[in-house]
1. From V89, V13, V22, which residue is open to solvent by 40 Å² or more (accessible area, probe 1.4 Å) and under 22 Å from the mean Cα position of the chain (by Cα)?
2. Name the residue, out of I311, I352, that is β-branched (V, I, T) and open to solvent by less than 20 Å² (accessible area, probe 1.4 Å).
3. Determine which member of the set N145, N139 is within 16 Å of the ligand (Cβ to nearest atom) and in contact (Cβ under 8 Å) with a residue 40 or more places away in the chain.
4. So, in the range 261-284, how many residues would count as being exposed (fewer than 13 other Cβ atoms within 10 Å of the Cβ) and closer than 30 Å to E249 by Cα?
5. Right, Q226: open to solvent by 60 Å² or more (accessible area, probe 1.4 Å), assigned to a helix (DSSP H, G or I) and not β-branched (V, I, T) or not?
6. Sort out which residues of the range 164-185 are closer than 18 Å to N262 by Cα and within 15 Å of the ligand (Cβ to nearest atom), and write them in order of number.
7. Looking only at residues that are free of Cβ contacts under 8 Å to residues at least 24 places away in the same chain and over 14 Å from N217 (Cα atoms) in the range 237-268, which one is farthest from the chain's Cα centre (by Cα)?
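The values are calculated or read from the model by the stated rules, or taken from the named source; none is laboratory data. Keep in mind that this is a model prediction, so the values were computed, not measured. Here the Cβ positions follow ideal geometry from the backbone for every residue, glycine too, while neighbour counts run over all protein chains shown. Heads up: the accessible areas ignore ligands, DNA and RNA and are worked out on the full protein's heavy atoms, side chains in. Shrake-Rupley method; radii C 1.70, N 1.55, O 1.52, S 1.80 Å.
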Amino acid sequence: MEFGHYFKSRQGVMVNTLKELVSLESPSTDKKAVDICADFITKEFKKIGAKVTRFPQKKIGDLHVIQYPALKSKEKKEQILLLTHIDTVWPVGKIQNMPFFLSGKKIFGPGVLDMKAGLVMALYAMKTLHDLNIEPEKNIVVFINSAEEIGDEAANEIIRKLARKSEYVLCLEPSLPGGSLKVERKGRLVIRLEASGKAAHAGTPEKGINAIEELMNQLRGLKKLQKTKGTTLNIGLISGGEKANIVAEKATATLDMRFWTNMNKQRILDTFKQLEPIFPGAKIRFSIESFTPPMEKTEVSSALLSRIRDIADSALNMSIEAGKTGGGSDASITSNLGIPTIDGLGPDGEGIHADNEHLLLPSFVQRTALLTELLRQL
Ligand SMILES: [Zn+2]
């Protein structure tokens, strides 16, 4: 079976499923909308005999785990984990001025690329194995995150549990522009820095300690962190002081830092730990508001990439490149556990989180063929 031709002849039905999924708009923060969208896709998975387990949530949409084949008790076999998410960054109603439509080889619509197409790919790959009676090499488990765009600890915990039991993790986020897979992603630290001084009248500033000036000097010093290649620092929020005629007693800044490796992260934290007040009597302290680990290019992930390349080449005559990207995804979580992980197996396209979000239809078809081969052979 040559899956390239197989899916080319089925691209019409795949696009229809994608259209239905996109028209059920599902912003991360709208639980009701996300649940309705998830209902639609999980019903489709049930039709091919997959087992669907729902993890009810109070605030975010319910989380779902799909197992194929549905496991009989005590049956043991290795498993492969597919990471997807059903939530998007787009509010309900966005589709009015950003409709689902096909223009030439491009398909537009809110969430079409990030990443409803990935879910449709997983569905059709598994449906094909089912329809053609092909037994996959490993059990297939699909995790459908309902709040990937905002991050959620309950979801992360399920991902870690599933990953620990998996041989491989494939993440169906879109590819890099041009079709390359993603083997490296930047990590992210959000740090709040707070300076305290002493209030005094602006007429006698020598009696006070200005927290704003302390903070500004500290921030200037922190710029040196950007000397590490690829590390970026953005001072995104700043506040402090009370009135123009009072020496400021408190000032805070919130910084967003991105970096390629865990070593870079350590270097950043060390720098913060070593901060000393610049003005006598001032105080400086920091707290971590959030942390996403980087996805580093590990030996096990590189080995998985070679296998994917071989399968793509021999079964589909497809050559696969790989690269790195600044943004984070759930793949970072599994990669940090040391599980072989490859991201960007979804379709090629452009405009993630932007009004021109679209995917390229030929790559949607080819990537589904590749995914099916991988599930069959890996
Ligand atoms: Zn995404």
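1. None of the others qualify; the one that does is V89.
2. Going through I311, I352 in turn, just one is β-branched (V, I, T) and open to solvent by less than 20 Å² (accessible area, probe 1.4 Å): I311.
3. N145
4. Number of matching residues: 6.
5. yes
6. K182, R185
7. Of everything passing the filter in the range 237-268, K243 is farthest from the chain's Cα centre (by Cα).
A quick yes/no check of all residues on (1) closer than 13 Å to V142 by Cβ; (2) at pLDDT 95 or above; (3) touching a strand residue (DSSP E or B) at 6+ places or on another chain (Cβ under 7 Å); (4) acidic (D, E):
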| site | (1), (2), (3), (4) |
| --- | --- |
| G61 | no, yes, no, no |
| I66 | yes, yes, yes, no |
| K76 | no, no, no, no |
| L81 | yes, yes, yes, no |
| P91 | no, yes, yes, no |
| N97 | no, no, no, no |
